[in-house]
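Each remark here refers to the structure printed beneath this line.
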Amino acid sequence: MKKLTANLESSARLALWFCLLTVGLFHFGQPEIYATQWKAGIAKAIITPQTGVWLAGYGSKRLPDGKLHEIWMKALALEDDKGHRAVLITSDFQGVPRSMSDRVFAEVKQKYQLNRQQVMFTFSHNHCGPRLGDDLYDYYPVDPMQVRLVNEYTDRMVVKTVEMVGESLKNLAPARLQLGTGHTTFAVNRRNNREADIPNLLKAGKELVGPVDHDVPVMTVTRPDGKLDAVLFGYACHPTTLSFTKVCGDYPGFAQLELEQKHPGVTAMFVNTCGGDQNPLPRRKVELCEKYGHMLAVAVEEVLQKPLQPISDGLSTAFEYVDLPYLKTVTRADLEADLKSNSAIKKRWAERLLKKLDAGEKFPSAYPYPLHAWRLGSEMLMIGMGAETVVDYALKFKREFGPGTWVCGYADDMISYIPSRRVWLEGGYEGGYNLYEYGRPAYRWGPDTETLISNSVGKLVKQVERKSD
């Protein structure tokens with residue numbers, strides 16, 4: 001009997017030792033076989049235009065004359081143990097207009113039964129990528145051939161996006177999701193630091209001023225055999241290092257390339273968190289673009305080398321539009337006065353809107369602003385916000401909702417700059433009278449923009465928390 005008891009105790013100790021060893025290997029990221037209830041699917045597609053579509057942004061005609069590297073669109077599909085699904089799309093586009101993304105959402109619902117709250121379409125805001133649809137339409141000289149090329153390219157991208165989403169869903173397979181946060185420092189608050197002053201300030205070792213968000217949130221997708229399959233990461237900064245006529249993904253493109261070269265077979269995906277008032281400074285040189293991409297890749301790599309936080313099972317998504325009122329809708333008198341403006345963009349905008357008034361159209365007093373909240377387990381909350389959100393939103397929501405909160409701007413619709421209350425009161429480019437550049441029938445947002453957005457985000461977060469309980 002004593003011998004039997006001793007054997008049982010020995011077996012128990014051996015089993016305990018094996019469990020501890022397995023947990024240790026699991027924790028420190030060594031290859032292992034483990035149970036998981038998440039499923040993840042990855043897909044990607046090249047979006048480099050093959051026709052003469054102008055590059056987007058900067059308010060000028062820029063015909064591409066080559067490329068530094070391909071630009072991409074990528075999809076990450078997720079499914080929890082109850083079959084709840086969501087797809088995150090990342091891309092090297094400058095701006096995806098609602099006229100394009102709404103078509104994608106409608107076709108994805110029809111073909112794959114994914115509702116609006118289950119799909120988030122993000123764009124890096126890369127200024128070395130192609131124009132899309134009616135995004136920033138008045139930025140560019142009127143050119144019928146270019147309009148045709150842009151429309152044809154946009155149609156192809158709608159088809160390609162829907163097909164890519166379908167492929168990501170088809171590729172759903174068991175996976176482990178993990179979370180971490182890195183740090184890098186090349187973003188500068190452009191409202192508080194003049195670009196021309198930056199080199200001398202840095203050389204003198206002086207501290208730059210203004211709010212920034214230097215966090216680099218990272219989420220990994222690992223397969224049951226321990227193979228790293230995808231890395232999703234973010235940073236709050238304009239991809240405007242370059243302003244020339246070569247196609248590339250700017251610093252996010254270089255960062256993704258470096259990570260994929262270092263980890264063969266891995267798909268690297270970038271989201272611009274809230275970089276509306278943040279620039280990579282100094283800039284204008286390819287060497288600087290490569291440097292910033294490397295800095296971002298290093299920040300991600302440092303996270304990958306440390307123990308990461310597992311994301312527990314459970315996926316919940318919520319979405320709504322909140323109407324953001326304009327301060328004042330433009331009148332015919334306003335537009336007729338703007339026909340004499342020194343700004344070519346404003347003159348084209350005024351001419352186009354006057355034609356709408358002549359056709360009997362009435363301008364809306366508000367714009368439907370898209371907002372997402374996604375809860376992954378109890379560890380990760382992703383907030384998706386349309387257009388060019390300033391950094392205040394990321395800082396605010398991370399304080400409010402705590403660790404594991406990602407605040408992604410540049411989602412679903414390239415509407416305009418979205419100022420916080422502080423930026424609205426200060427005015428200037430991001431908070432002042434510049435909505436005409438984005439084609440809106442107004443000059444400025446109303447004063448309650450931040451309050452309306454914050455209230456809506458708070459409601460959506462409560463919804464996904466209730467669903468996950």
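The values are calculated or read from the model by the stated rules, or taken from the named source; none is laboratory data. Bear in mind that the values here come from a model prediction, so they are computed numbers and not experimental data. Glycine also receives a Cβ, built like all others from the backbone with ideal geometry; neighbour counts cover every protein chain displayed. Side chains included, ligands, DNA and RNA excluded: accessible areas come from the protein's heavy atoms. Shrake-Rupley method; radii C 1.70, N 1.55, O 1.52, S 1.80 Å.
Being part of a strand (DSSP E or B) and touching a residue at least 40 places away in the same chain (Cβ under 8 Å) is a property that L381 has. Only residues in region 177-191 that are in contact (Cβ under 8 Å) with a residue 12 or more places away in the chain and on the phi > 0 side of the Ramachandran plot count as the first member; pair them with residues that are open to solvent by less than 10 Å² (accessible area, probe 1.4 Å) and not in a strand (DSSP E or B), Cβ under 7 angstrom, at least 6 apart or cross-chain, and list the lot. Between residues of region 177-191 that are in contact (Cβ under 8 Å) with a residue 12 or more places away in the chain and on the phi > 0 side of the Ramachandran plot and residues that are open to solvent by less than 10 Å² (accessible area, probe 1.4 Å) and not in a strand (DSSP E or B), there is no close pair. Only a single item in (1) under 22 Å from the mean Cα position of the chain (by Cα); (2) in a loop (DSSP other than H, G, I, E, B) is not met by G234, and it is number (2). If you go through region 352-378 and pick out every residue that is within 18 Å of D338 (Cβ to Cβ) and either open to solvent by 30 Å² or more (accessible area, probe 1.4 Å) or in a loop (DSSP other than H, G, I, E, B) (or both), you end up with 7. For region 299-326, filtering for residues that are open to solvent by 60 Å² or more (accessible area, probe 1.4 Å) and closer than 30 Å to S365 by Cβ leaves 2.
Cβ-Cβ distances below 9 Å connect the following pairs, each with a first residue in region 66-80 that is surrounded by fewer than 21 Cβ atoms within 10 Å (Cβ to Cβ), a second residue that is assigned to a strand (DSSP E or B) and polar (S, T, N, Q), and a separation of six or more residues or different chains: D80/S316. Residues in region 323-349 that are without any contact (Cβ under 8 Å) to a residue 24 or more places away in the chain, aliphatic (A, V, I, L, M) and under 28 Å from L452 (Cβ atoms): L335 only. Restricting attention to region 130-145 and to residues that are within 18 Å of M100 (Cα to Cα) and aliphatic (A, V, I, L, M), the residue that is surrounded by the fewest Cβ atoms within 10 Å (Cβ to Cβ) turns out to be L136. Per the listing Y292, Y235, the residue uniquely closer than 18 Å to I89 by Cα, modelled with pLDDT of 95 or more and of a type in the set (F, W, Y) is Y235. Every listed requirement among (1) farther than 30 Å from E70 by Cβ; (2) touching a helix residue (DSSP H, G or I) at 6+ places or on another chain (Cβ under 8 Å); (3) of a type outside the set (K, R); (4) not in a helix (DSSP H, G or I) is met by A268 save one, (1).
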